[in-house]
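Peer 1: One structure follows; several queries about it will come next.
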Amino acid sequence: MPRTVRSPTKHAVDGDDQTKPRSSLDAEIIIENAPDPVFVSDLEGKILQANDAVSELLGFRPDELLEQSLLRFISPEEVRDFTAALREVVERGLTRNAVLHPRSASDEVIPTILNASALRDPMGKVIGAIGILRDMRAYEKVVRDLEESKLELQEKILDLEKFEEVVVGRELKMIALEKEVERLQREVNQLKAELGRS
């Protein structure tokens, strides 16, 4: 569904009603209209901005996301991973492929991959993170389907091996019987020859 480009709005700066600097407005427009779920958080993980794709992914209204901690949406086990990802953003300026499983408004656990880069103030100090979430549900379904196909194929191979064992076993028995028949035939011929001489 195409997104409507939101026009920049005026914001109060230091008590005056002024237009935000152009670069700030450009960044907001890019975030708002990005096709992937994009959010901006501070270094504690509080959501400062989130686009419509984040709302669609998690099923929360934008006002239910803003000013909330990202930790609210992930399991306690993943808090450490997310904190480590934020630390990496501060130290290295970015983090890649951090695995997160946020819980949606409908209580669905959604597999995602987080890529984040540093948000810096005009002095270059890291003040937060810009995160992009990648919904991995379709990918995981393909992996599950492949695993199921692999299991089915392994079962068919086992069945084929069992059938081969039966067939080979039967062939070996037939060969053994043929040899036994040949041996008996030789004995009969030998007995006939001996009887013919007497």
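Peer 1: What residues qualify as long-range amide H neighbours of Ile127, i.e. H under 5 Å apart, gap of 5 or more or another chain, H built at 1.01 Å from N?
Peer 2: Hits under the 5 Å cutoff: Leu119, Arg120, Asp121.
Peer 1: Still on this structure: In whole Hz, what ³J(HN,Hα) sequence does region 48-54 give by Karplus (6.51, -1.76, 1.60; θ = phi - 60°), x for Gly and Pro?
Peer 2: Those phi angles translate into 9, 7, 8, 7, 4, 5, 5 Hz.
Peer 1: Moving on to the next point. Give the order of Met136, Met123, Met174 when sorted by the count of other beta carbons within 10 angstrom, beginning with the fewest.
Peer 2: Met123, Met174, Met136
Peer 1: Then there's this: For Gly59, what charge total do you get from the other residues with a beta carbon under 15 Å from its beta carbon, if Lys and Arg give +1 and Asp and Glu give -1?
Peer 2: After counting each charged neighbour, the total is -3.
Peer 1: Right, here's the next one. What's the whole-number percent of alpha carbon pairs in region 145-198 lying beyond 13 angstrom?
Peer 2: Here the tail beyond 13 Å accounts for 72 percent of pairs.
Peer 1: Answer with one residue from Gly131, Leu43, Ile157: the one whose Cα lies farthest towards the positive end of the charge dipole of the chain, charges on Cβ with Lys, Arg +1 and Asp, Glu -1.
Peer 2: Ile157
Peer 1: Here's a follow-up. Taking each pair of distinct Cα atoms in region 34-135 once, what is the resulting Kirkwood hydrodynamic radius in Å?
Peer 2: Result for region 34-135 stands at 13.4 Å.
Peer 1: Given 20 °C and 1.002 mPa s, compute D for the chain with the Stokes-Einstein relation, Rh being the Kirkwood radius over Cα pairs; round to the nearest whole µm²/s.
Peer 2: Estimated via Stokes-Einstein, D reaches 96 µm²/s.
Peer 1: Given the options Pro76, Pro122, Pro62, which has the most mean-square fluctuation in a GNM of the chain, springs set between C-alpha atoms less than 10 angstrom apart?
Peer 2: Result for the chain, Cα springs under 10 Å: Pro122 fluctuates most.
Every number here is computed from the coordinates shown, using simple stated rules; none is lab data. Predicted model only: the values in this text are computed from it and were never measured. So basically every Cβ, Gly included, is an ideal-geometry build from the backbone, and we count neighbours across all protein chains shown.
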